[in-house]
Every structure is written in structure tokens, then in C-alpha cells.
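The values are calculated or read from the model by the stated rules, or taken from the named source; none is laboratory data. Keep in mind the model is a prediction, meaning the values are calculated, not measured. Glycine gets a Cβ as well: all are built from the backbone with ideal geometry, and neighbour counts include every protein chain shown. Side chains are part of the model used for accessible areas, which takes the heavy atoms of the whole protein and leaves out ligands, DNA and RNA. Shrake-Rupley method; radii C 1.70, N 1.55, O 1.52, S 1.80 Å.
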Amino acid sequence: MCTECRKKFYITTPIYYPSSNLHIGHAYCTVATDTMARYKRLQGYDVCFLTGTDEHGQKIEDKAKEAGVTPQQFVDNIVLGEKGVLDLWKLMNISYDRFIRTTDDYHVEAIQKIFKMMYDKGDIYKGEYAGKYCKPCESFWTESQLVDGKCPDCGREVQDAKEEAYFFRLSKYADRVRDLLENTDFLEPKSRVNEMVNNFIKPGLNDLCVSRTSFTWGVPVDFDPGHVVYVWIDALFNYMTALGFQNQAKTGLEEFWPADVHFVGKEIVRFHSIIWPAMLMSLELPLPKKVYGHGWLNFNGEKMSKSRGNVVDPYILAERFGVDALRFFLLRTFPFGADGNFTNELLINTINIDLANTLGNLVSRTVAMNQKYFAGQLAVGGENGALDAEVKALAEDVIANYEKQMDAYQFSNALSEVFRLLDRANKYIDETTPWVLAKSEETMPRLLTVMKNLCECIRLAAILLTPFMPTSCEKILDLLNVPADARSFSARCYCADENATWNTTVGAPLFPRIDMEKELKELEELNKPKSPIEIEPYSQESVDFDTFCKSDFRAVKVLDCQNVKKSDKLLQFTLDDGTGTPRQILSGIAKFYKPEELIGKTLVAIVNLPPRKMMGRESCGMLISAIHTDNGEEKLNLLMIADEIPAGAKLG
Ligand code: ME8
């Protein structure tokens, strides 16, 4: 079907603040969104999956200052740098279609136009703001909204703040927003509706302060210099600017807006279900069809977050358990709308029980038996038995329920359905006892059908699990040599009849069992606070000044540097020491540097030591380096000085 005729599905994650290391809690929402996007693609939808980064605001400005870089350099590094946002999404196999950065020019220009449109409409007006400001959340609060005098979102201290500011007439839209929340399915799960109405709408919606003058890192209000647009206005409209709203750089607004669903964490439901629809109402734009507020991944009962120092590193987990196992765990274990407590035991248990025992074993037993009894080739023929119809009926029921649950964003329930099928298939092996059927020629046709039914159950389960574990499911379907057209979602009907044929291959175990005790110990070791940096003990012996002054320290430039043959320690340096005659120094630092990375560097050498022979070569002096021990590991840094210091310059 051509793309234009296909049904559209637009799904988004929140855009992430690039101010902190991303952790498994961030990956949670993105993995859920990715799984839904993949599911919809399998169903034949033309999907647009948007994610991105929310890069403006005082917090970023402050952090950049602390780091001694510009805000743009700061965000670039976190978004594009090593183990940055893009790296993490690559690691987690996130199949986003678009990635927006709120510092992108097209977005900035669009936000300026949007702000002006609401101003021209009279929904944004100028006033003065006096209130309480929570810096980490970038939120203003009234006294009555504070909880125990602290920010109601994050529980941190707030500060007094007063400034001339623009306001959005949120109060004007209170009734319409309340109606939207109470009388439609706009916000889910339903429990979040009560929270919003009781905590925010019933006490009375105040107009919202939507500009700041106390910092500059934001979208400037172009008709009033000094003001920058409130970061949440800038952020929320990303969902539309990424499709070309108020800009020429992007397209897709007509096809994809209104969004089918915004997945967001529960603490930002307020912004998405009250402020966002109110602004869209102001601009008379269609509202997104749904906001789904998921729960938090907690660690020891507290929200995992950088500031609380309890983050779990997705890189470590993915490396040890595999990305698919991690993706699966996140959605299998915690119901999407509720909070979940992350523990390593839970992760390992889920992998062992569901993936190694149930799924992995079913696949390996089935392909091994196919190999043993039929050399991997299941030909036309067979003989139906009493249990087959029951297995088939269950498979069909599972498929229907799975879709119902996926369409309601109930990932863990959808997975329970798939595991109902896998458990049934494992039980079917125990009931049909293929090893007994294999003993007699007469029961071989029955064995053929049993094996076909097992292959079919695995094929169906692998299709249904593909959105969750794309790489592993492809491997499973490869082991069964399932042709491309039988891997698609439209091929999800049960078909293990007489005419079916299979050709299966034995492969390495997909999900090896994890030794819980050993693994927990190793993880604990990895997470142990690092032992402090050790420095060499200070010398108790003093040196008299004149003796010290005899040491001749000079700046030297590395002309050449090579490994010394048969030595894994020594590097041989040819140095320009300013005399015109190259100086040779040998240094036992090969473990710490590659020769090529030192060529051209300006180093410090003591040059009046008597020459020494090392591995038969003469060394005329010593290079100065700094040595310490970090977490039991010896570290060495050659002293490097500014390149404008000429070769031979005396140091003293
Ligand atoms: O809120 N468990 O960005 P953010 C589950 N820029 N979800 C978690 C989590 C955890 N432990 N920690 C964070 C912002 N999240 C804004 C969004 S959208 C227009 C602007 C989720 O980086 C959190 O709930 O602080 C939120 O949905 C998302 O990560 C981004 O959080």
C-alpha cells in the first residue's frame, strides 16, 4: 500500500533535559514508545515516532557556566557526545523517525511566531510575577500550591521570585480543559484525571507566567527584548514544530497532527493535560487524541534520578544482559501506568524465568527435536491429535487479547498473553511426549504434526514479541527459516496444517541462564563506590635549595616516538631540546600512551642526569609525569605544557 493511503500513527516521548546522565528510568518511556511504534508499523500503519531534547532554561545556563562552556557547547556535548542521548537511543535500538532539539533554528523561529500569535489573540498579556520558583523544575508556584513550603513536583526548596513577565490566560480555558479531562478519554490512566482535577483545576487555575527576564538561555520574545519564552511553552510545541507547524523546514502536519498519543511520566502530566490543551485551544488547533501518564521506575522506593544519586546505568545492564532482555524486562515487569521498583534480582529472575526457561527452552528443545527426529526438515503430512485444536484456539485467543492490550498501552498484559501461549506450548511437549512418539514408525506422522504445532506457536510468539525484542525475535524466526511474508503481522493466523513445511536450524542459546548469586556479586562490585584516589606518600627527606637548583628542567618537543622492540614497557623518544641536536630519552610508559599520540607534544624533561642504558639503548634524561592510583589502577599522565613554549626553555 502506498504511504499516503496507509493509516497514520503519531506517537511521542517527552523531550529529555540534557542536563543529567540518562538512566534506565529515561530509557523506560522511550522503550515503551519504541515498542508501540514498532507494533503499529507491524500492523501496517505509517508511523511517525518523535523524540528529542529540551535544551533551554536556567538550569542548563547554570550548568554550562559551572562547566566553563557555552550553553550550546554544553547541550551539544550531552546530546551528541560519547554516551550521550543519541548514543543511548542507539544502544537501546530505538527506531525514532524524527529527533527534535529545541535549539534547532526552525523550532526557535516557530516558537517566536507561536508566542506572538497567542499575544495577538489577547491570550498572552504583560504583567508582573511574584511567586515561588523551583529552579530544577523551572516552575513557578503560588504559596498555596507548595507542599510543606517546598516544590509540589520534586519536594525541593523554592525561592522568592519577582519579575515583569508575560502571562497566558490559562484561567480562561479552565472549564473546557476540565470537560476534556472528565468527559473524554484524553487522559489515561483514569486515576490521573482525578489528580489533575482535584489538585489543579478545582482549587482554581491561575494564569500562567510564560516569559522570563532573569536569564537569557531560551527563545527570545522577538517583540520585547530581554524576555525569553518559558521553557514549557518552548518544549510542548515541539510536538508540532517537528511536523512543520509555523516553519518550512519540516513537513507532516497534515498527515500526523493530531498526535495519537503522547507518552509522558506522571510528574509532567499536568503540563500535558492542562497547559498543552489550553494553548492549543487558544490557537484553535486540534488536540492530541491522548496523553498517557506512565509511572516511575523507582530504586529502593525512590524515583531514580541523577540528583538523588540512585541511577542505574543502562550501558552496564545492556552489556551484561543484552538490550533485548533489558527492553523486555522493563515492559514485562511493571504495569505501564503504575510505579515499579527496579532491583537487579527482579531483572535476573525475569530473564531466567521468562526468557531462558520459557521462551529460550521452548525454542531450543523444538529445534533440537526437529533435528534429531527429522534432520530439521518437517515435510508435508502428519496426523492431528486431540490437543491440537485446543492449542490452536488458545493461540487465536492470545493474538486477539494481545492486540486489545497493546491498543490500550498495557504492555505487561500483552506480554502475559504471549507467555500464556509459550507456557501452553511447553506443556504440549510434556503432554505429547515426542521422545515416545519417535520410538515407533507408526507414531511418526503424529510426531510430525506435534513438531509443526510447536514451530507454529514459536513463530506466532516471535511475531508478537518482535516490537519488544526486535533482534532476538529475528534470530528466532531465522532458526525456523520463516519466510519474510510469514513474519509479518498480517501472517498472524494459526496455520500448522498438513500442507505446512518447516526447515529449522539449531543455534546457540538465545538467552543463557544467569547465575543469580555470581551476577549480583559482580554487579555489586561494579556499583561499589570507587575507592579514593591514592597518591604517593610525601617524602620525609628534605633537599637543600642549591642541590635542587642543580636539576635542569627543560621544555622538549617530541619529534618522534616509537615502541622499543621486545619491551612492552619502553617508549623511545627523539626530542627537540633546543640545542639543535636531537636528544634520546627512554621512558617506561608504553602502557599509558600510544607513540603516535605523543608526536608534536611539548613535554618537560630533566636533562642533566647521567646517561643510562635501557635494553641496550642510551637514555639521556627523564620525562616528568604525574602518577597516582585510581580504584586500584595505576594512572600516569605525562606533564604537557603549552605548545608556544619553545624547545629548550628552562623551567624553574
Ligand atoms: O520532564 N522512571 O524532561 P526529563 C520513569 N523536558 N520515568 C522517568 C524517570 C524514572 N525514574 N526519570 C525520568 C522533562 N523519567 C521535560 C519534558 S516534554 C514537552 C518536556 C521520565 O528529562 C520523566 O517522567 O526530566 C519524563 O517523562 C521523561 O523521563 C523526561 O524527563
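Structural size metrics of region 186-321, computed from C-alpha coordinates, are Rg and Dmax of 18.0, 53 Å. Peptides 555-563, 195-203 ranked from most to least packed give 555-563, 195-203, packing being the mean of other C-beta atoms within 10 angstrom over each peptide's residues.
Exposure check, 1.4 Å probe, all protein chains in place: Tyr173 carries approximately 10 Å² of accessible surface. Residue by residue, region 245-256 carries 3J(HN,Hα) couplings of 5, 6, 7, 9, 6, 10, 9, x, 4, 5, 6, 10 Hz when phi is fed to the Karplus relation 6.51 cos²θ - 1.76 cosθ + 1.60 (θ = phi - 60°); x denotes Gly or Pro.
Ordered from largest to smallest accessible area (heavy atoms of protein chains, 1.4 Å probe), the residues His107, His628 come out as His628, His107. Using the 1.4 Å probe convention, the accessible area of the chain works out to 46 Å² per residue with neighbouring protein chains retained. Greater than 28 Å separation of Cα atoms is the criterion. Which listed pairs, Lys8/Lys250; Lys135/Lys289; Lys121/Lys190; Lys90/Lys601; Lys8/Lys452, meet it? As for pairs spanning more than 28 Å Cα to Cα, those are Lys135/Lys289; Lys121/Lys190; Lys90/Lys601; Lys8/Lys452. Ranking of Met640, Met614 by solvent-accessible surface, largest first: Met640, Met614 (1.4 Å probe, protein heavy atoms only, all chains present). The magnitude of the dipole of the chain, with charges of +1 and -1 set on the Cβ of Lys/Arg and Asp/Glu and taken from the Cα centre, is near 580 debye. Assign one of three labels to the chain, namely rounded, prolate or oblate, based on the Cα gyration tensor with a ≥ b ≥ c the square roots of its eigenvalues; rounded applies when a/c is under 1.5, prolate when it is not and a/b is larger than b/c, and oblate otherwise. Because a/c hits 1.5 or more and a/b fails to exceed b/c, the chain counts as oblate. Remark: relative contact order (the chain) = 11 percent; criterion is Cα-Cα distance under 8 angstrom and separation of 6 or more residues. Listed cross-link partners Lys83/Lys594; Lys565/Lys613; Lys7/Lys40; Lys83/Lys591 are compared with a 18 Å cut-off, the Cα-Cα value being larger for Lys83/Lys594; Lys83/Lys591. Across all directions, the average projected area of the convex hull around the alpha carbons of region 1-114 is 8.4 nm². Net charge within 11 Å of His56 by Cβ-Cβ distance, Lys/Arg positive one each and Asp/Glu negative one each, not counting His56 itself? Once positives and negatives cancel, what remains is -2. The calculated FRET efficiency for Glu182 paired with Asp160, based on their beta-carbon distance and R0 = 41 Å, is about 0.70. Taking amide H as placed 1.01 Å from N in the peptide plane, Met614 has its amide H under 5 Å from the amide H of Ser619, each at least 5 places away in sequence or on another chain.
Accessible area of Tyr106 (1.4 Å probe, protein heavy atoms only, ligands and nucleic acids ignored): about 30 Å². Reducing region 230-250 and region 32-75 to their Cα centroids gives an inter-centroid distance of 13 Å. Out of the total accessible area of the chain (probe 1.4 Å, heavy atoms of protein only), what percent is carbon and sulfur? C and S atoms contribute 50 percent here.
Built from the Cα atoms of region 1-60, the convex hull projects on average onto 4.8 nm², one quarter of its surface area. Annotation: the antiparallel percentage among DSSP beta bridges lying fully within region 27-164 is about 75.
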